[in-house]
1. If I ask for residues that are at pLDDT below 90, buried (at least 20 other Cβ atoms within 10 Å of the Cβ) and not β-branched (Val, Ile, Thr), which ones from region 403-430 would you list?
2. Considering only region 516-534, I want to know if a residue exists there that is on the phi < 0 side of the Ramachandran plot, modelled with pLDDT of 90 or more and more than 34 Å from the chain's Cα centre (by Cα).
3. Answer with yes or no whether ARG441 is assigned to a helix (DSSP H, G or I), among the charged types (D, E, K, R) and within 30 Å of ALA376 (Cα to Cα).
4. Hey, among the residues in region 432-479 that are among the charged types (D, E, K, R) and within 14 Å of TYR601 (Cα to Cα), which one's surrounded by the fewest Cβ atoms within 10 Å (Cβ to Cβ)?
5. From the set of residues in region 480-537 that are charged (D, E, K, R) and part of a helix (DSSP H, G or I), which is surrounded by the most Cβ atoms within 10 Å (Cβ to Cβ)?
6. Which of the residues that make up region 13-72 are closer than 19 Å to ALA169 by Cα and in contact with a Ser or Thr (Cβ under 6 Å, 6 or more places away or on another chain)?
7. Looking at (1) closer than 26 Å to GLY480 by Cα; (2) modelled with pLDDT of 90 or more; (3) not basic (Lys, Arg), can you tell me which one HIS605 breaks?
8. From the residues in region 128-150 that are of a type in the set (A, V, I, L, M, F, W, C) and within 13 Å of VAL162 (Cβ to Cβ), which one is nearest to the chain's Cα centre (by Cα)?
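The values are calculated or read from the model by the stated rules, or taken from the named source; none is laboratory data. It should be emphasised that the depicted structure is a prediction, and the values quoted were computed from it without experimental measurement. Here the Cβ is made from the backbone with ideal geometry for all residues, glycine too, and neighbour counts use every protein chain on show.
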Amino acid sequence: MGVACGVAAVVGMTMAARSALTSFTRAVEFLRGTATHSIQRPAGPTDQSVLAALAQDPAVEWFSPVIDRRLRLANGELVRFLGIDPFLDRIIRPEIARTQLLQQDRTNPEGSLSFLLDERAVLIDTELAADIKLTPGKTMETTRGPLRVAGTFSNPSGEPLVLMDIAHAQKLFELDGYVDRVDLILTDESGFLSRWQNGFLVQSGRQRTETFSAMLGAFRLNLEALSLLALFVGVFLIYNTAMFAVISRRKDTGVLRSLGAKRHEILGAFLTEILILGFLGGALGGVAGYLLTRFLTALIGTSISDLYFFLRPEPASWSIWILVSGIVLGCGAGILGGALPLFDLVRTDPAAALSGRTASRETRRHAVVTAMVGCAILIVSTILLVMPGTHIYVGFAGVFTFLMGVSLLTGVVLIIVHPGLKKLLYWLGNLPGKVAAGNIRQNLGRTGVAVAAFTVALSMSVGLGVMIESFRESLVWWMGTQLRGELYIGKVGEAEVPEDFYEEIRRLPGVGGIDPYRNVQVLFRDTPTYVASVDAPVVQRFTRFGWFKGGNENWELVKRGGVVISESFSRRFDVKAGDTIALEGVRGPKELKVAAIFYDYTSEHGLVMMDRSTFLNLFGDHTINSLAIFFDPQEPRRPQLIQEIRRRAEERGLPVQTQAQLHDNILKVFDNTFAVTRSMRVMAIVVAFFGIAGALLTLFMERRREFGIYRSLGFSTGQIARMTLLEGLGMGMVSYVLSTLVGTTLAFLLIRVINLRSFNWTIFFYPALEPYVWTALTAVAASLGAAAYPIWKVCRTYPQMQIREE
């Protein structure tokens, strides 16, 4: 089961991440169609007057203008919206052009023209139509008013998609005279670039795909690393499983050796058995991983939609290669975990094996040697973790070697804590408790591995829990510094705020300040990043940014044309305060001086923030994504003003949120994002649970004769059961104490190394109590639960059978 759990975690997480990437690639390819390139302004919509010039360019074989937006339905679902010219778009996206309503249908000419003549007519994909239970002719309610469903079409991308004629889409989104981009089929790329590169962003289809794929890189890598941690814990269980097989068949080994069987023959037989276990566990894990994928794919799709762009990935379809990959992982982990037990088997003396007197009595010396190897591995881990500027893979290697080194120290730790553990277990269970402590100390070869597996699993629970809580507290602190408006109108990526509404609210007496926020994605050094515009005087007055370098006084330079950058931008592009960066604008590249660096968690891809006047001069984009409304604390009419502004915004169909509502929504997105991480914590605990149970069963097999002697000396069945229970509890308590130290260190490494190298932002360390409490309860429950089956076996065994060979 441990092999299956570990393999299921790796297969499920890897397949879910790949399914998301495949769905994303399929969506991009479907929407790109046959276009070789696209052209747009560096930021904001593009004036459609450019179409006439493109039509005359000799390098342009075909073009099609597009409005590409997000539309929120009345049920809250966010879908992709494309405004297209059906006549120009038929060459670019032939799959959409084959839609019945976009073709000339002589049997139903009115239906064919409705898409062009009805300014509220849309086409929706068949899957979306089924989800919201709409048929052609019905009305679809959206935040931009009711739309009539003129028809449906097949959409292989898996992303909910709505189509509208581009002229009607311009009215719907108030973009008269503008489009978002123009898709192109070019015959001469270099010639076209020489004429159009200045003031425009021209990207090939491959570049656009790579741009979006790069946004998912760190996210996908962290998911796969979490699954490997679960498999790492599973290797310990393989060891216990292999050891149990060796112990339960040790007498058979003695018989075979006495009959002339050679060591390598016995080794081959047991290796085959372990490979069969790995095969079966891997196959079961592959199937379980496939089933797990269906659950994880939805979670990952939700996280990607919340953090990057909307994605509804389809779960991976079954393939024989899923089974093969699970078997390969299972057999590989089986060989790795079974190597030491097999080595112990071939060294067993035949006479000792026949007598059954081969219980493990790992010496202090062996434990010390193992600990020295662990210390050496910890030194390697330290070197990997402190190497400056290294890749994220090196950081993950450092964390894995850290856990491996710590796991090799458990034998020495059990020796050190034995006196105290003996007193504690004696206090809990009298004589059975004292004997239980001695059994843990005397059988380090078994108990040490079980404690190591449980420690690593509990450490993952503590480490991931503390990391998540630290991130959450850092996010709460960040919201308190930057998102301090009383009201927020509009949402980035959805409803845009009309500029006249901004002017209308700004003229209201009693309003302290309004920050018109605009956020756009741009390319900096051919890498995607973000640029935001704000009202610098208002932000300086009403917010208190958390500064990585600099302070509030640096807004003065921003007012004069400078910029402030996020910590993630600074680390990603190695830009420091005082440096100059060049951004491509509508009039070509412009150099901007970096005034300061601030903490930010909006995007790991970086953010450049500038005053709105600088933004308008650079990009000519007057679009406003949202408004933050501020009031002076002494303003007596604040409640009335809030009600008045809310009423005016709702009259225009603009979403309104209070500060508390905005903060709650952000934390909800955060909690959804870490749902996958929490599932991996549970998986690791399940694997470790089987590890403790396996260790106790192995000890029972080795010490059946001892149990018989205890019973003959007067121990009752209840006392034997109590002794077994306290052994499990003792190992669980030692594992928990170790996990608080190891898990806290792991959290620090995840925060200061893995997170920093993956996302380029600082998370402040907050050792919250909750992860430690839940882990303690988990340790106790798992330890007692794992002892249940061994206790049942003990109680069903008769003393006469246990000592019949004495």
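1. LEU403, SER407, LEU408, GLY411, LEU414, LEU421, LEU425, GLY429
2. no
3. When the stated conditions are applied, ARG441 passes them.
4. The extreme case among them is GLU473.
5. Among those that are charged (D, E, K, R) and part of a helix (DSSP H, G or I), it is ARG506.
6. Correct list: GLN40, GLY44, LEU71, ARG72.
7. Looking at each condition in turn, HIS605 falls short on (2).
8. Here the answer is LEU128.
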